[in-house]
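Enquirer: First the structure, which I've put down as structure tokens, then a few questions once you've had a look.
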Amino acid sequence: MVQINENYLKLKAGYLFPEISKRVKNYTQSNSTKDIIKLGIGDVTEPLPKACTEAMAKALNEMGTDEGFKGYGPEQGYLWLREKISANDFISRGCQISSDEIFVSDGSKCDSSNILDILANQNTIAVTDPVYPVYVDSNVMTGRTGGPLLDGTYKGLTYLAINESNNFLPEIPNNKVDIVYLCFPNNPTGATINKGELKKWVDYANRNESLILFDAAYEAFIKDKDIPHSIYEVEGARDCAIEFRSFSKNAGFTGVRCAYTVIPKNLQGTSSKNEKVDLWSLWNRRQSTKFNGVSYIVQRGAEAVYSSQGKKEVQGLIDFYMENAMIMKNKLQNAGFKVFGGDNAPYIWIKVPDKMSSWDFFDYLLEKASVVGTPGSGFGLSGEGYFRLSAFNSRSKVIDAMERIITI
Ligand code: MLT
């Protein structure tokens, strides 16, 4: 019989979001008349920008003509899209990221897992706690950790607690860690990092020859001027960081699928023979072998994000969700909840009341208010006692959900 990858058996339970869906499904089966409001998974709800749908419709029509038909595109993404990304997302912010350092893909979730393909298993790894579960699970699946410990953590990983006492900013480890995952604006806590704090991480990484995997999927939600949108705004980051970006949350592409990863050409790793190897070449080789690129139609949709109409419409979406976040934060704070995040990120991180556990609070909210959120403990040990609410929903549902929560 075929042998399985036993690392999968180390995974503690199902992936967090399917687990939530399962519980909600069970609940709806016995409470079919209740109208549930979902503020759990951070999935967008508003229609795509017109600029994007029009560009995609045009591209689709082109594909139906002799002159416009296209087969496989470049595995790295079409140059016209990569040039727009480079100019708008980086050069305009003073980051010297060129179009050929950008790899267009179908999602940051995949990229942040697939990147492990080009990195050795023996690298030591640090993640924040709480953390986006994909970083941990993808390391478990590829055999980079030991088994789960009784407290729910994995042997071999370094966990950097982020909590109220450190303002949800991870402390720099005293020892050397080879790979550090950082996500800012942070999922799940909604916290942000300023340039000075991020510089400390870049300096740590350069001092220790570590690699930072920087997830900036939520950068579009930043309102404060002094918060960097990209790690490359920090001097020295080109020597130590890979950045993941996504069109999912800004342009509402969760169902369309388009993202990109930045690998500076000078970024290096080492072989076991101490040879320096550039990571760009390895990732390019990986993508060329295992990936056939994002569809032409979708890339035209992503390109439209950078048109003047697209920029206006995307800003409209961001403003809409951030107003949701503000409404949620105000309502919950006025009702006595301790609330974090929500100022520069679409996530509200609340302290669970009455010493309940995160999953108890999840069940309580579902039962009493028919509102779904995400238990903080699903993001890690230090998430216990907290609860995440996503600002991605219609205005009326957000207001309704807040009324229900505060009047339980
Ligand atoms: C979340 O809710 O944390 C996100 O939707 C997950 C994701 O983007 O994959």
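The values are calculated or read from the model by the stated rules, or taken from the named source; none is laboratory data. The shown structure was predicted, so the numbers you read here are calculated from the model rather than taken from an experiment. Here the Cβ positions follow ideal geometry from the backbone for every residue, glycine too, while neighbour counts run over all protein chains shown. Remember, those area values only see protein heavy atoms, side chains included, never the ligands or the DNA or RNA. Shrake-Rupley method; radii C 1.70, N 1.55, O 1.52, S 1.80 Å.
Enquirer: Please work out whether segment 125-201 counts as rounded, prolate or oblate from its C-alpha gyration tensor, where a ≥ b ≥ c are the square roots of the eigenvalues and a/c under 1.5 means rounded, while otherwise a/b larger than b/c means prolate and anything else oblate?
Expert: Taking the square roots of the gyration eigenvalues as a ≥ b ≥ c, segment 125-201 is prolate.
Enquirer: Roughly speaking, what is the stretch gain from residue 355 to residue 320, that is 0.36 nm per residue apart minus the C-alpha to C-alpha distance, in nm to one decimal?
Expert: Between residue 355 and residue 320, full extension yields an extra 9.3 nm.
Enquirer: Which links in 22/58; 155/351; 155/331; 199/355; 70/223 stretch past 32 Å when you go from one Cα to the other?
Expert: From the list (22/58; 155/351; 155/331; 199/355; 70/223), the Cα-Cα distance tops 32 Å for 22/58; 155/331; 199/355; 70/223.
Enquirer: Moving on to the next point. If you count only protein heavy atoms and use a 1.4 Å probe, how large is the accessible surface of residue 246, to the nearest 10 Å²?
Expert: 20 Å²
Enquirer: To continue, here is another question. I want to check the label-to-label distance for residue 165 and residue 338. Put each point 7 Å from Cα in the C-beta direction and report it in nm to one decimal.
Expert: In this crude label model, residue 165 to residue 338 measures out at 1.2 nm.
Enquirer: Which of the pairs 84/312; 84/290; 265/290 have their Cα atoms more than 18 Å apart in this structure?
Expert: Cα-Cα > 18 Å for 84/290; 265/290; rest within.
Enquirer: Please give the per residue accessible area of the chain, computed with a probe of 1.4 Å over protein heavy atoms only, in Å².
Expert: 44 Å²
Enquirer: Grab every C-alpha pair in the chain, bin the distances at 10 angstrom width from 0 up to the longest one, and report whole percents.
Expert: 5, 22, 31, 27, 13, 2, 0
Enquirer: So, one more: Suppose R0 equals 41 Å. What FRET efficiency, 1/(1 + (r/R0)^6) with r the Cβ-Cβ distance, do residue 399 and residue 292 give to the nearest 0.05?
Expert: Between residue 399 and residue 292 the formula returns 0.40.
Enquirer: Something else: Along the Cα→Cβ direction, 7 angstrom out, place labels at residue 46 and residue 367. What is the inter-label distance in nm?
Expert: Result for the modelled spin labels: 3.6 nm.
Enquirer: While we're here: So for the chain: antiparallel DSSP bridges make up what percent, rounded to the nearest 5?
Expert: Counting only bridges with both partners in the chain, antiparallel ones make up about 55 percent.
Enquirer: How much of the accessible area of segment 89-177, probe 1.4 Å, is carbon plus sulfur, in whole percent?
Expert: About 49 percent, which is the carbon plus sulfur part of the accessible surface.
Enquirer: Rank 111, 226, 43 by mean-square fluctuation in a GNM of the chain with C-alpha springs under 10 angstrom and give only the top-ranked residue.
Expert: With Cα springs under 10 Å in the chain, the top fluctuation among 111, 226, 43 is at 226.
Enquirer: Can you tell me the length gained on complete extension of the stretch residue 6 to residue 61, counting 0.36 nm per residue apart and subtracting the Cα distance?
Expert: Going from the current span to full extension adds 15.1 nm.
Enquirer: Given the options 270, 65, 128, state which has the largest fluctuation in a GNM of the chain using a 10 Å cut-off (strictly under) for Cα springs.
Expert: Of 270, 65, 128, the Gaussian network model singles out 65 as fluctuating most.
Enquirer: Give the residue from 379, 140, 119 lying farthest towards the positive end of the charge dipole for the chain; charges sit on Cβ (+1 for Lys and Arg, -1 for Asp and Glu) and the dipole is referred to the Cα centre.
Expert: 379
Enquirer: State whether segment 167-222 is rounded, prolate or oblate according to the following rule on the C-alpha gyration tensor (a ≥ b ≥ c being the square roots of its eigenvalues): a/c under 1.5 gives rounded; otherwise a/b larger than b/c gives prolate, and the remaining case gives oblate.
Expert: Judged from the Cα gyration tensor, segment 167-222 comes out prolate (a/c at least 1.5, a/b above b/c).
Enquirer: If each DSSP helix of 4+ residues adds -39,500 (n - 2.57) and the sum is divided by the residues in the chain, what number results at 222 nm, nearest 500 deg cm²/dmol?
Expert: My calculation for the chain gives -10500 deg cm²/dmol from helical runs alone.
Enquirer: For the chain, set up a Gaussian network in which alpha carbons nearer than 10 Å are linked by springs, and say which option among 308, 98, 295 fluctuates the most.
Expert: 308
Enquirer: Counting only protein heavy atoms, what percent of the accessible surface of segment 317-408 is carbon or sulfur at a 1.4 Å probe?
Expert: 49 percent
Enquirer: With +1 on the Cβ of every Lys and Arg and -1 on the Cβ of every Asp and Glu, and nothing else charged, how large is the dipole of segment 67-306 about its Cα centre, in debye rounded to the nearest 20?
Expert: 340 debye
Enquirer: Which shape class, rounded, prolate or oblate, goes with segment 67-306 when its Cα gyration tensor gives a ≥ b ≥ c as root eigenvalues, a/c under 1.5 marks rounded, and past that a/b bigger than b/c marks prolate?
Expert: The shape class here is prolate.
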